[in-house]
C-alpha cells in the first residue's frame, strides 16, 4: 500500500511540472534592447574620449613654449 502523502506529493510535483512546461512564457520587456544599450554605452565612451582629448590638447597647447 502506498503512503497517501507520498502519492499526494508526487501528484503535486507532476502537476507543477506540467504547468511549468505548458505555461506560456511572457517575455520580459523591461529596459532597453541589447543593441540600444550598446549604442548608448558606445556614445558615452566616445564622449568621454573626446573630452579627454580636448583637455589634453588644451593643456599641451597652453604649455608649449612660444
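The numbers here are math on the coordinates, done by the rules we state, and not lab data. Not measured: the values here are computed from a predicted model. Quick reminder, even Gly has a Cβ in these numbers, built from the backbone with ideal geometry, and neighbours come from all protein chains shown.
Details
- Cβ-Cβ distance of residue 43 and residue 13, R₀ of 35 Å, FRET efficiency by 1/(1 + (r/R0)^6): the value works out to about 0.10.
- The angle between the Cα long axis of helix 34-63 and the longest principal axis of the Cα atoms of the chain comes to about 20 degrees, rounded to the nearest 10.
- Using alpha-carbon coordinates, inclination of helix 4-22 to the longest axis of the chain, degrees: 40 degrees
- Looking at the chain, the pairs of alpha carbons with a distance over 17 Å make up 72% of the total.
- Simple label model, 7 Å out from Cα along Cβ direction - residue 51 to residue 64, nm: 2.6 nm
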